[in-house]
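**Student:** Please read through the structure below; I'll follow up with questions.
FYI, it's all coordinate maths here, none of it is from the lab. This one's a predicted model, so the numbers in the text were calculated from it and none came from an experiment. Neighbour counts are summed over all protein chains in view; Cβ atoms, including those assigned to glycine, are modelled from backbone coordinates with ideal geometry.
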Ligand code: VG1
Ligand code: CO
C-alpha cells in the first residue's frame with residue numbers, strides 16, 4: 001500500500017468527555033469526522049511513538065463499528081503503526097481491551113502500546129443513536145487528561161490526515177494474521193479471540209482453586225443456574241433497541257426476574273447481575289434486593305482479603321470517585337487502608353494503581369474494578385461477589401443456613417453503618433439552563449457565611465471539587481459542586497460528560513446512618529427530606545422546567 005495525505009480542516013466539538021468522544025452516529029459519519037479525531041490522537045501521542053507500535057482496535061460492536069475499524073486500520077498503517085490487533089468481529093469488552101493491552105503477547109513476541117476502544121458504553125446504539133471512541137494507553141487505562149486535552153487542541157488546528165491506499169478491507173470475522181507492506185515496511189493485522197486472554201486473567205483472580213468449586217456449588221448446584229439464566233447475551237449492533245445501562249430502570253427484564261419492579265417474578269433466584277454495552281459496568285442484585293454500587297465497592301473492599309485469593313496478601317489501598325458514597329471511606333478507616341477520592345471517570349484510578357497505591361476502586365455509576373486491569377470490569381465485579389458469597393457460605397456447604405446477598409449487605413450496614421444514597425438524572429435539559437443552574441449553585445456557596453440552613457442539618461462546607469493527582473501532581477478543577485452537611489450528609493451536582501445531546505444534570509444525595517436500628521429503611525423515603533433541600537437549593541424546577549428526574553438510581 002501507499003500513503004495518502006488528505007487535506008482536512010477542524011470540525012467543532014471533538015472534546016473527549018468523561019470517557020472518550022461520544023456523538024450521534026450521524027455526526028461521526030460526516031466526512032473527515034472520525035479521521036480528524038484519529039489523526040489528532042496519533043499526533044498527540046507523537047509520530048515517533050506511533051511508528052513501529054502495536055495498536056488494539058475493537059469495541060462493543062455497536063452500529064458503525066465495522067466501518068470505523070477499517071478506517072482506523074488504514075490510518076494506523078499510514079501513520080507507521082507496525083501491527084494492529086483486532087478482536088474477532090471487532091468485538092472486545094472494555095475491560096477485555098485493558099487486559100489485552102496489559103497481558104497479551106503476539107505470535108512474534110510483541111506487546112500492545114495502546115488501544116482505540118469503539119464504544120459509547122451505556123448509551124444506546126444504532127443508526128440514530130450514539131457512537132464513541134476513546135484511546136487507552138500502554139498501561140491499559142484511559143488516556144489521562146494531559147493527552148485528551150492535547151487531542152482536543154489538535155482537532156482545532158488539524159490540516160491533514162494520513163490513510164493507506166491499496167490496503168484491502170480486512171476480514172475481521174476470521175481469526176488469523178495478514179501481512180502487508182508499505183513505505184515503512186511490514187504491517188500486520190492480527191484478528192484473534194479476546195475471550196481466552198481475558199478469562200485467563202479472571203480465572204486467576206477469582207475462580208481458581210477452591211473458590212471455583214464454591215462458585216459451582218452455590219451458583220449451579222445450590223441456586224440452580226442454567227443456560228436459561230442468561231438474558232440478552234447475544235451482542236447486537238443496536239442492543240436490541242434497548243438502553244444498555246445496567247440499572248433498575250433499564251434492566252427491566254432482569255429486575256423482574258429478580259422479584260423487583262413491575263410484574264416481579266414470584267420465585268426469583270438468589271443472585272442476578274447485569275452489564276452495560278461494553279461490559280465495564282455492573283449491577284448486582286440479590287433475591288428481591290438491589291445492591292447500591294457505592295455499597296458494592298465498600299463490601300468488596302471489606303471482604304477482599306478473606307474472600308478473594310488475588311488479594312490474600314492485603315489491599316494496597318482503595319479509591320472512589322467524588323460523588324460515590326462514603327461507604328468505602330468507613331471501610332478504609334476501619335481497615336487502616338490508604339484511601340483516595342478522585343474526580344468522576346476511570347482515568348484517575350490508573351495512576352494510583354500504577355504507583356501501587358490502590359487495589360480496589362469504584363464509582364456510584366455501577367462501576368467497580370481492581371488493579372488486575374485499568375478499566376472498571378463488570379464481569380470481575382460479579383466474580384468478586386460470587387467469591388464473597390462462596391466465602392460467607394462456607395458453613396452452609398456443611399448444612400448451615402444459606403447466607404444471601406441481602407444478608408451480606410445488611411451485616412455490612414450493621415458493622416459500618418449505612419450510607420443512604422440516590423442519584424437523580426435530569427437528561428436532555430437545555431444546555432443553557434443547566435449552566436445557569438450550576439452557576440446559581442456556585443454563587444450560593446459564597447453566601448455560606450450566613451449559613452444555609454435546612455430541615456436536615458446545617459451546611460458545614462460547600463465547594464467545587466478539585467483534585468491534585470498524588471502521583472504526577474496534575475490538577476483537575478471544576479469536578480462537581482459539593483454541599484457538605486454537619487451530619488455527614490452530602491449533596492453533589494455535576495454536568496454529565498458522556499451525553500451526545502443537550503445537557504444532563506446529575507444530583508447525588510447521600511445521608512449517613514450509624515444507628516443500626518435505623519439502617520433498614522427504604523432509601524427514597526429516608527432521603528426524602530434531603531432531596532427536598534436539594535431541589536429547593538438548586539431551584540431545579542425553575543431552571544429546567546422539570547418536576548421530576550428522567551432516571552433515579
Ligand atoms: C458517567 C458516570 C461516570 C462513568 C462514566 C463512564 O459519566 O457518571 O461515573 O465513569 O459515565 O462510564 P458522566 O460524566 O456522564 O457522569 V461508561 O460505562 O459510559 O464508560
Ligand atoms: Co461502559
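**Student:** Calculate the length of the line joining the C-alpha centroid of region 472-533 to that of region 16-48, in whole Å.
**Tutor:** 32
**Student:** Cα axis of helix 94-103 to longest principal axis of the chain: angle in degrees, 0 to 90, nearest 10?
**Tutor:** It works out to around 60 degrees.
**Student:** Could you rank the peptides 105-117, 289-301 by their average count of other C-beta atoms within 10 Å per residue, with the highest value first?
**Tutor:** 289-301, 105-117
**Student:** With a ≥ b ≥ c the root eigenvalues of the C-alpha gyration tensor of region 68-186, is it rounded (a/c under 1.5), prolate (a/b larger than b/c) or oblate? The partial results should precede the final answer.
**Tutor:** Numbers: a/c = 1.30, a/b = 1.15, b/c = 1.13.
Rounded is the answer for region 68-186, as its axis ratio a/c remains below 1.5.
**Student:** Right, here's the next one. Could you let me know the centre-to-centre spacing of region 315-377 and region 76-92, using Cα atoms, in angstrom?
**Tutor:** Value for the Cα centre distance between the two parts: 31 Å.
**Student:** For residue 514 and residue 177, compute 0.36 nm times the residue count separating them, minus their Cα-Cα distance, and round to one decimal in nm.
**Tutor:** Working: separation 337, 0.36 × 337 = 121.32 nm, distance 5.85 nm.
Fully extending the segment from residue 514 to residue 177 adds 115.5 nm.
**Student:** Using alpha-carbon pairs under 8 Å, 6+ residues apart, how would you state the relative contact order of region 418-552 in percent?
**Tutor:** Normalised by residue count, the contact order of region 418-552 is 38 percent.
**Student:** Normalising by the residue count of the chain, find the relative contact order in percent from Cα pairs under 8 Å and 6+ residues apart.
**Tutor:** 14
**Student:** Mind checking the angle between helix 431-446 and the chain's longest principal axis? C-alpha axes, 0 to 90 degrees, to the nearest 10.
**Tutor:** Computed tilt is about 50 degrees.
**Student:** Relative contact order for region 344-475 using alpha-carbon pairs under 8 Å, separation at least 6, rounded to a whole percent?
**Tutor:** Relative contact order for region 344-475 comes out at 16 percent.
**Student:** Then there is this: Taking R0 as 51 Å, what FRET efficiency do you get between residue 108 and residue 501 from their Cβ-Cβ distance, rounded to the nearest 0.05?
**Tutor:** With R0 = 51 Å, the Cβ-Cβ based efficiency is 0.70.
**Student:** Please label the shape of the chain as rounded, prolate or oblate, based on the square roots a ≥ b ≥ c of the eigenvalues of the alpha-carbon gyration tensor (a/c under 1.5 means rounded; beyond that, a/b larger than b/c means prolate, else oblate).
**Tutor:** On the way: a/c = 1.82, a/b = 1.28, b/c = 1.42.
Oblate, since a/c reaches 1.5 and b/c is not below a/b.
**Student:** With the crude spin-label approximation of a point 7 Å out along Cα→Cβ, what separation in nm comes out for residue 265 versus residue 160?
**Tutor:** So the label points at residue 265 and residue 160 sit 6.0 nm apart.
**Student:** Apply 1/(1 + (r/R0)^6) to the Cβ-Cβ distance of residue 458 and residue 51, taking R0 = 51 Å, and write down the FRET efficiency to the nearest 0.05.
**Tutor:** 0.30
**Student:** For residue 334 and residue 186, what does the FRET efficiency come to when R0 = 56 Å and r is the distance between their Cβ atoms, rounded to the nearest 0.05?
**Tutor:** Here the calculated transfer efficiency is 0.50.
**Student:** What is the packing order of peptides 375-388, 262-275, 172-185, 36-49, taking the mean over residues of other C-beta atoms within 10 Å and listing the highest first?
**Tutor:** Going by the mean number of other Cβ atoms within 10 Å, highest first, we get 375-388, 36-49, 262-275, 172-185.
**Student:** Another question, then. Relative to the longest principal axis of the chain, what angle (0 to 90°, nearest 10) does the C-alpha long axis of helix 293-307 take?
**Tutor:** For 293-307 against the chain, the angle is about 90 degrees.
**Student:** Here is a follow-up. Using only helices, what value at 222 nm comes out for the chain when you add -39,500 (n - 2.57) per DSSP H run of length 4 or more and divide by the total residues, to the nearest 500 deg cm²/dmol?
**Tutor:** -9000 deg cm²/dmol
**Student:** Among rounded, prolate and oblate, which fits region 418-552 when a ≥ b ≥ c are the square roots of the eigenvalues of its C-alpha gyration tensor, a/c under 1.5 means rounded, and a/b larger than b/c means prolate?
**Tutor:** It comes out rounded by the Cα gyration axes.
**Student:** Something else now. Sort the following peptides by mean Cβ neighbour count (other Cβ atoms within 10 Å, averaged over residues), highest first: 129-140, 89-100.
**Tutor:** Per-residue mean Cβ counts within 10 Å order the peptides as 89-100, 129-140.
**Student:** When DSSP beta bridges are limited to those with both residues in region 64-194, what percentage is antiparallel, rounded to the nearest 5?
**Tutor:** 70
**Student:** Still on this model: Share of antiparallel DSSP beta bridges in the chain, in percent to the nearest 5?
**Tutor:** Working: 64 of 85 bridges.
Approximately 75 percent, going by the DSSP bridge assignments.
**Student:** Given the Cα-Cα distance of residue 430 and residue 32 and 0.36 nm per residue of separation, how much length would full extension add, in nm?
**Tutor:** 140.4 nm
**Student:** Just report the Cα centroid separation between region 99-140 and region 146-165, whole Å.
**Tutor:** Cα centroid to Cα centroid, the span is 18 Å.
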